[in-house]
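Have a look at the structure below, then the notes.
Readers should treat all values here as calculations from the given coordinates under stated rules, not as data from a laboratory. Model, not experiment: these values are computed from the prediction. Here the Cβ positions follow ideal geometry from the backbone for every residue, glycine too, while neighbour counts run over all protein chains shown.
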Amino acid sequence: MSGDRRTRVAVIGGGASCEHEVSLASAACVAAALDPARHEVVRLTIDPHGTWLDGGGRPVGLTGALCLLRRCDVVLPVVHGPHGEDGTLAALCDLAGLPFVGSGLRAGALAMDKWATKLVAGALGIATAPGVLLTPATRSAYAWTHPVVVKPVAAGSSHGVTLVATAGALDEALAAAFALDDRVLVEDVVVGREVDVAVLARPDGRRVVAPTLEVVVDGVFGFEDKYGGHADLRIPAELDTTATTTLEDAAVAVFDALGCAGVARVDFFWTQDGPVLNEVNTMPGFTEQSQVPRMFAAAGLAYADLLDVLVRDAVATAR
């Protein structure tokens, strides 16, 4: 890439997962916000069936998509959930020799797998909610004894997540989760404040942590809360210095242990015993009003500037 022309950025949205529509919104906002004076945007979409479409909505297939991608300087995959955020797109870029924004195959796969993330956190001494892993073969062996949260191991945007307060609601919750994944987590309900931490990795090894964000919600922070426009998000979270530092240190430790790159959102419950890790999002929602952009905006890094940093860092790291 010469220094006298714009950076050609491939923005990929959509995907063959339950997060397709959310991803389309993120990708559209990202493409619109990239400064046209510095970036030339090439748009690609993966439809719900996995077909690749060019910027005009025409099917081009994987071969055609790769031809378009290879003409770009960097790929910005804004595909949430399975078949995207789970490392599959990162692996495609790696195999094609394309610089890309965000985490690689290993981090994407580990972070998307909530059970694997729990194991990594446990090795770091970071608490997670007590829980059990169920498969279709072990599903009937689980007996409800107290309120739990049922969730697919690998899904996002709270799809398939249910707070089960009575034994009679368990079967329906399990069915909803198994409809999205062949492995399901059943976790104890954690009593605490929901606090998110955004971590940005820079090429020189620094980890930049945005102001914390608290999600104020009664019950589970579900899909409608996240995307209905009425979520109560407070930045910075009203925490003392010790609590904030503890959360930031835990977020960076998990980020590095998973091998994350670019930016990731690490979600916790802050309890009377300290932080309890909920999950890690290596490609979180990325509209201007999404949590991570709002957190960095609170630190003075505007949405377009955050995107520019991510693109420039990806290009620099690939050299």
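Some observations on this one:
- Spacing of the modelled spin labels on ALA316 and VAL189, each 7 Å from Cα toward Cβ, amounts to 4.7 nm.
- Antiparallel DSSP beta bridges within the chain, as percent of all bridges there, nearest 5: 70
- FRET efficiency for TYR142 and ASP240, using Cβ-Cβ distance with R0 set to 30 Å, rounded to 0.05: 0.15
- Residue ranges 242-249, 277-284 sort as 277-284, 242-249 when ordered by packing (mean number of other C-beta atoms within 10 Å per residue, highest first).
- Förster-model FRET efficiency, 51 Å R0, ASP54 and ALA165, C-beta, rounded to 0.05: 0.60
- Here the label points at LEU68 and GLU21, each 7 Å from Cα along the C-beta direction, are separated by 2.3 nm in the simple model.
- Where [x] 6, 28, 38, 24, 4, 0; [y] 6, 27, 35, 22, 8, 1, 0; [z] 6, 24, 33, 25, 10, 1, 0 are the candidate values, the label of the one calculated here for P(r) over Cα pairs in 10 Å bins from 0, in percent is [y].
- Antiparallel bridges, percent of DSSP beta bridges restricted to segment 7-101 (to nearest 5): 20
- Amide H contacts of VAL60 (H built 1.01 Å from N, under 5 Å, at least 5 apart or other chain): TRP52, LEU53, ASP54
- Calculated FRET efficiency, ALA179 to ASP47, Cβ-Cβ distance, R0 = 25 Å: about 0.75 to the nearest 0.05.
- Degrees separating the helix 241-258 axis from the principal Cα axis of the chain, which is the longest one: 70
- Amide H contacts of ASN278 (H built 1.01 Å from N, in plane; Pro and chain starts excluded): ASP267, PHE268, PHE269 sit under 5 Å, all sequence-distant by 5 or more or on other chains.
- The order of the peptides 106-118, 56-68 by mean Cβ neighbours within 10 Å, most packed first, is 106-118, 56-68.
- Likely footprinting exposure, SER158, SER290, fewest C-beta neighbours within 10 Å first: SER158, SER290
- The share of alpha-carbon pairs in segment 1-125 lying farther apart than 20 Å comes to 44%.
- Sequentially through segment 113-119, phi angles give Karplus couplings (6.51, -1.76, 1.60; θ = phi - 60°) of 8, 4, 5, 5, 4, 4, 5 Hz, Gly and Pro residues having no value and appearing as x.
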